1. Out of all the residues in the stretch 202-243, which are part of a loop (DSSP other than H, G, I, E, B) and among the basic types (Lys, Arg)?
2. Within the stretch 103-139, can you find the residues that are in contact with a Gly (Cβ under 6 Å, 6 or more places away or on another chain) and buried (at least 19 other Cβ atoms within 10 Å of the Cβ)?
3. Would you check which residues across the stretch 41-59 are buried (at least 20 other Cβ atoms within 10 Å of the Cβ) and either touching a strand residue (DSSP E or B) at 6+ places or on another chain (Cβ under 7 Å) or over 16 Å from THR102 (Cα atoms) (or both) and list them?
4. Against the definition (assigned to a helix (DSSP H, G or I), of a type in the set (A, V, I, L, M, F, W, C) and over 30 Å from GLU147 (Cα atoms)), how does VAL264 come out, yes or no?
5. Can you name the condition, by its number, that ALA269 falls short on among (1) touching a Leu at 6+ places or on another chain (Cβ under 8 Å); (2) under 30 Å from ALA150 (Cβ atoms); (3) away from ligand 2 (no atom under 16 Å from the Cβ); (4) free of Cβ contacts under 8 Å to residues at least 60 places away in the same chain?
6. Taking PHE242 and the conditions (1) more than 16 Å from ligand 1 (Cβ to nearest atom); (2) at pLDDT 95 or above; (3) farther than 20 Å from ASP48 by Cβ, which numbered condition does it fall short on, given that it satisfies the others?
7. Restricting to the stretch 177-214, and then to whatever is within 16 Å of ligand 2 (Cβ to nearest atom) and surrounded by fewer than 17 Cβ atoms within 10 Å (Cβ to Cβ), can you tell me which residue is farthest from the chain's Cα centre (by Cα)?
8. Run down LEU96, LEU85 and say which single residue is outside any helix (DSSP H, G or I) and at pLDDT 90 or above.
Amino acid sequence: MADPEKSNDHEWALQRRLEDVFAKLGEKFGDLTGRVETHLRPTVTFEDVGGVRQAKAQLRGFAVALTDPDLYARWGITPPKGVLLYGPPGTGKTTLAQALATASGAIFYHLRLTNLTSKFGTNTAELLQEVLKIATGEGKAVLFLDEAEALSLEHLLPPPQALEASARLVATLCEKLDAMEPAARVLVVAATTRTDALDPALVAPGRLDHLIEVAPPDADDQREILELMRVRTEKNAGRQVFAPIDYDIVLPVMGGMSGADIAVIVRRALEAKVHAVGAGAPPSLLTTENLLEAIDGYKGVRGVVEKIRYGQYL
Ligand SMILES: Nc1ncnc2c1ncn2[C@@H]1O[C@H](COP(=O)(O)OP(=O)(O)OP(=O)(O)O)[C@@H](O)[C@H]1O
Ligand SMILES: [Mg+2]
């Protein structure tokens, strides 16, 4: 077991180096916000992800690219450089990328492209190169490019300029990917909700050339996700929290809901319980009825929440 204190120091030092990169590039290009977040030891595992069986199986396979890249050479090929996860909001893309880092003992670098400000947008490739340089020196890495559709720069520039600037940005980015040493134990994982806004050059052979769909959950998957959340909640609480859930009643009203929606609903139901007990109600297990109330309440505000979160990209 690694010393947690040492690992904290390491994470802090690494975070500082990445922040230096941002500061230096900010001086060079001006007006740079955003950051890369690192998790030296992410705790999310593939077991925490419900549904998306195919995506999970495919990603598990890619752990070898980090843990045993020489294996590819033994079969006469170079290890993959990256994958693209695509699917609707809240289906588990970020969670899966973290689980891959956990499974392969890699550092997780989380770069949110939408956080980069306007002047900097077009210089993202340079930022990426600097981050890649640091990551390569640190050992195994999952470099997560979240919200990859932001590379289209549609959110920053008017359409004609966006198209041109984005073409330049993607070209530079592709150069960096092409130049990555085959021996580098860095796997780039990009994620997007919008395949239509992605440049095909990015997913050309030798780049992010594995497209992995992270599909929305069907009813069985939703059940699996709810059960995972029930088990995790009860583990955290150290006691039984839920009465048996009547899935025949709950699932039919959850059509179209993602894992992220389900997480919010469970949280809301639990919060309502805490508030009721806080106000003097006798403690009781969380019932199917309580879940239904939370689902109902959430349906009322979900549209607004989604609009605020994703509105500009839909
Ligand atoms: N398949 C799933 N299994 C279990 N939990 C899930 C799943 N999908 C989403 N969740 C829950 O929803 C939260 C958000 O999921 P996550 O951030 O991985 O989705 P995402 O696809 O990256 O969303 P976005 O497109 O908004 O970035 C997770 O922390 C988790 O609690
Ligand atoms: Mg995400």
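The values are calculated or read from the model by the stated rules, or taken from the named source; none is laboratory data. None of the values given here were measured: they were computed from a predicted structure. We place every Cβ from the backbone using ideal geometry, glycine too, and count neighbours over all the protein chains shown.
1. First, pick out the residues of the stretch 202-243 that are part of a loop (DSSP other than H, G, I, E, B): 204-209, 214-218, 238-241, 243.
Result: ARG207, ARG239.
2. Let us first name the residues in the stretch 103-139 that are in contact with a Gly (Cβ under 6 Å, 6 or more places away or on another chain), namely 115-116, 119.
Across the stretch 103-139, the qualifying residue is only LEU116.
3. Selection gives PRO42, GLY50, GLY51, VAL52, ALA55, LEU59.
4. Working: assigned to a helix (DSSP H, G or I): yes; of a type in the set (A, V, I, L, M, F, W, C): yes; over 30 Å from GLU147 (Cα atoms): no.
No.
5. Every listed condition holds for ALA269 apart from (2).
6. So PHE242 meets the others, but not (3).
7. Filtering the stretch 177-214 for residues that are within 16 Å of ligand 2 (Cβ to nearest atom) and surrounded by fewer than 17 Cβ atoms within 10 Å (Cβ to Cβ), the one farthest from the chain's Cα centre (by Cα) comes out as THR195.
8. Values: LEU96 fails: outside any helix (DSSP H, G or I).
Of the residues listed, the single one that is outside any helix (DSSP H, G or I) and at pLDDT 90 or above is LEU85.
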